[in-house]
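Report on the structure given below.
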Amino acid sequence: MKSALNLAQESFDLNEVPVGAVVVKDNKIIGTGRNEVISDIDVSSHAEINAIRSASKYINNYRLNDCTIFVTLEPCHMCAKAIIDARISELIFSSKEPKTGSIVSIDKFLENKSLNHSVSYKFGLYEKESSNLLRNFFKARR
């Protein structure tokens, strides 16, 4: 998660919403991503999507079986569906996102029994650090 926080800080420094993500397989980071929505002029350029793209290219496969994704903020529905479609096994995120979080905040999307893949999840790892980074980012823009 520390690597994901470093990526979130990079986003912060580039005036992007500070979210970072890493994909791990066999205790090795195989993909990294940070929010790049503004710089890419692409609404889908979330940290999770970018980390999934990076990991898929690294292993030359769009299926990320037996991988864990670490994210500094609770994923939205778009990112949650990408995590499912990539067949990621586990999601670990730092902070809840009360406005758009699809895992525990506004929805429990991953608990939908009709989904074609099951993803386990945990949250709260480095929650304080992630929350502070986000709070400072939005405070500076008000």
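The values are calculated or read from the model by the stated rules, or taken from the named source; none is laboratory data. Source: prediction; values computed, not measured. Glycine gets a Cβ as well: all are built from the backbone with ideal geometry, and neighbour counts include every protein chain shown. Please note that ligands, DNA and RNA were not included when accessible areas were found on the heavy atoms of the full protein model with its side chains. Shrake-Rupley method; radii C 1.70, N 1.55, O 1.52, S 1.80 Å.
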- [ ] Sort out which residues of segment 104-135 are polar (S, T, N, Q), closer than 19 Å to His77 by Cβ and in contact (Cβ under 8 Å) with a residue 12 or more places away in the chain, and write them in order of number.
- [x] Ser105, Asn116, Ser120
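Filter segment 107-126 down to the residues that are in contact with a helix residue (DSSP H, G or I) (Cβ under 9 Å, 6 or more places away or on another chain) and assigned to a loop (DSSP other than H, G, I, E, B), then identify the one that is nearest to Val22 (Cα to Cα).
Start the filter on segment 107-126 by keeping residues that are in contact with a helix residue (DSSP H, G or I) (Cβ under 9 Å, 6 or more places away or on another chain), which leaves 107, 109-110, 115-121, 126.
Applying the additional criterion that residues be assigned to a loop (DSSP other than H, G, I, E, B) yields 107, 115-119, 126.
Numbers: Asp107: 23, Leu115: 23, Asn116: 23, His117: 20, Ser118: 19, Val119: 16, Tyr126: 14 Å.
Step by step, filter segment 107-126, then rank; the result is Tyr126.
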- [ ] Kindly list the number of the only condition in (1) modelled with pLDDT under 95; (2) hydrophobic (A, V, I, L, M, F, W, C); (3) in contact with a His (Cβ under 6 Å, 6 or more places away or on another chain) that fails for Ile84.
- [x] (1)
TODO: May I ask you to list the residues in segment 1-52 that are under 22 Å from Ala140 (Cα atoms), polar (S, T, N, Q) and in a helix (DSSP H, G or I)?
DONE: Asn6, Gln9, Ser11, Ser39
Task: Residue pairs meeting the criteria (Cβ under 7 Å; at least 6 apart or on separate chains; first charged (D, E, K, R), in segment 68-81; second crowded, with 20+ Cβ neighbours inside 10 Å and modelled with pLDDT of 95 or more) - done: Glu74/Phe93; Glu74/Ser95; Glu74/Gly101; Glu74/Ile103
Task: Those residues of segment 4-35 which are open to solvent by 10 Å² or more (accessible area, probe 1.4 Å), over 10 Å from the mean Cα position of the chain (by Cα) and within 18 Å of Ile83 (Cβ to Cβ), in sequence order - done: Leu7, Val24, Lys25, Ile29, Ile30
TODO: Of the conditions (1) β-branched (Val, Ile, Thr); (2) over 25 Å from Asp40 (Cα atoms); (3) out of contact with any helix residue (DSSP H, G or I) (no Cβ under 7 Å at 6 or more places or on another chain); (4) open to solvent by less than 10 Å² (accessible area, probe 1.4 Å), Ile103 clears all except one; give me its number.
DONE: (3)
Open item on the list: So, in segment 62-96, exactly how many residues are open to solvent by less than 40 Å² (accessible area, probe 1.4 Å), under 17 Å from Asn35 (Cα atoms) and not in a strand (DSSP E or B)?
Closed with: 7
Open item on the list: Could you check segment 36-49 and list, in sequence order, the residues that are closer than 14 Å to Leu73 by Cα and open to solvent by less than 30 Å² (accessible area, probe 1.4 Å)?
Closed with: Ala47, Glu48, Ile49
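Report yes if Tyr126 is at pLDDT 95 or above and either out of contact with any strand residue (DSSP E or B) (no Cβ under 9 Å at 6 or more places or on another chain) or closer than 21 Å to Gln9 by Cβ (or both), otherwise no. Spell out how you get there, then give the answer.
Details: at pLDDT 95 or above: yes; either out of contact with any strand residue (DSSP E or B) (no Cβ under 9 Å at 6 or more places or on another chain) or closer than 21 Å to Gln9 by Cβ (or both): yes.
Yes.
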